[in-house]
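The structure under discussion appears below in the form of structure tokens.
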Amino acid sequence: MSTTIISITLGICGMLGWGIYDFLGGVYSKQIGSFKSLFWSQLAGLVSILLLSFAFKTDFDIPVLALALSPLASIVYSAGYLFFFKGFEKGNVSIIAATMNLWAVFTMIFAFLFMGQSLTTIQTIGVFMILSGATLAAIDWNSIKNQGFQLSLGVREAILGAFFFGVFWNISEIVSEEIGWLLSTVLTKLGITIFLLVFSLFAKQEIGLKNISTKIKYAVWLMGIIEVSAVALVNYGLTIGDAILITPIASALSIVTIALAVIFLKDKLSKLQLSGVVTAILGIIATAF
């Protein structure tokens, strides 16, 4: 099988995995609450990635820099998903998914300011497309006619989530370069689980699934397996394939999330919001080049 076909296939796997996870996160955040959905899916991801690391006989010799940065990465990643799932709990899944595309913008801004990285002309155009698209998708245009300017429900939370994800990916890049993608993922998932447990105690968040149906329990567990599988497949693909193909395909995950929301949740988008969703998705693809 050619490298090109492998790259495209694994990129699509990442897009589908993350897109399905975000869609299910939107569904079950409304049914059992955003915190329970996040905690149990991330715990499932931790168990899965630990099994994978043992299967590959991973060396757990961790440098000081990676050991110091991993807890910070876990905290900001947790914060990103807490806000993201809270946005799902409040608002329209399609609009929240489109707004979350801003994570790519924040990632690039932080990389430019603190890591000395620069943008290509196409990436700069992509950033403006994401900003424009997210703005069009996030505004409740119908309410403007009656009540004046108003953001759609959950958008504020989605913007905060995107900010924290932007911070996370820059920290994660440093950690991954130190210890590799597999061990980096293990430490991040472990840190997330510990952080969410501590957070649940201080914020008095209920995490029990006592009154939750068995079907939902399995579905939330499956969410975590799907997400960590997407991470594993994409990162594996980057070691044997072409990043220029894998990255833009995988980063178009919003296409999957929004399509599932429109099909199964009957999400309604105005023409302006739909154009914003499309613009943001095209923009995030452009930032990969």
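The values are calculated or read from the model by the stated rules, or taken from the named source; none is laboratory data. Small disclaimer: the values here were computed from a predicted structure and weren't measured. With ideal geometry, Cβ positions are generated from the backbone for all residues, glycine too; neighbour counts draw on all protein chains shown. Just the protein is used for accessible areas: all its heavy atoms, side chains included, with ligands, DNA and RNA removed. Shrake-Rupley method; radii C 1.70, N 1.55, O 1.52, S 1.80 Å.
Test of understanding: among GLY208, GLY126, GLY116, GLY133, which residue is part of a loop (DSSP other than H, G, I, E, B) and at pLDDT below 85? Even if it seems obvious, please write down each step before you answer.
Working: GLY208 fails: at pLDDT below 85; GLY126 fails: part of a loop (DSSP other than H, G, I, E, B); GLY133 fails: part of a loop (DSSP other than H, G, I, E, B).
One residue alone meets the criteria, GLY116.
Within region 219-277, can you find the residues that are modelled with pLDDT of 85 or more and either touching a strand residue (DSSP E or B) at 6+ places or on another chain (Cβ under 9 Å) or of a type in the set (Asp, Glu) (or both)?
GLU227
Which condition number in (1) modelled with pLDDT under 75; (2) under 21 Å from the mean Cα position of the chain (by Cα) is the one that ILE144 fails?
(2)
Name the residues in region 49-65 that are part of a helix (DSSP H, G or I) and either at pLDDT 95 or above or open to solvent by 40 Å² or more (accessible area, probe 1.4 Å) (or both), would you?
The answer is LEU50, LEU51, LEU52, PHE54, ALA55, VAL64, LEU65.
Scan region 3-26 and tell me whether some residue there is modelled with pLDDT under 90, at positive phi and over 16 Å from the mean Cα position of the chain (by Cα).
no
Identify the residue in region 174-193 that is open to solvent by less than 60 Å² (accessible area, probe 1.4 Å) and aliphatic (A, V, I, L, M) and, among all such residues, is nearest to LYS30 (Cα to Cα).
Once the filter is applied, the top-ranked residue is ILE192.
Results for (1) within 24 Å of VAL167 (Cβ to Cβ); (2) open to solvent by less than 20 Å² (accessible area, probe 1.4 Å); (3) in contact with a strand residue (DSSP E or B) (Cβ under 6 Å, 6 or more places away or on another chain), shown as yes or no for each residue.
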residue: THR4; (1), (2), (3): no, no, no
residue: SER7; (1), (2), (3): no, yes, no
residue: SER37; (1), (2), (3): yes, yes, no
residue: LEU67; (1), (2), (3): yes, no, no
residue: PHE83; (1), (2), (3): yes, no, no
residue: ILE95; (1), (2), (3): yes, yes, no
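Which members of region 194-227 meet the condition of being β-branched (Val, Ile, Thr) and open to solvent by less than 10 Å² (accessible area, probe 1.4 Å)?
Selection gives VAL220 alone.
May I ask you to list the residues in region 261-278 that are assigned to a helix (DSSP H, G or I), open to solvent by less than 40 Å² (accessible area, probe 1.4 Å) and closer than 24 Å to GLY17 by Cβ?
Correct list: ALA261, VAL277.
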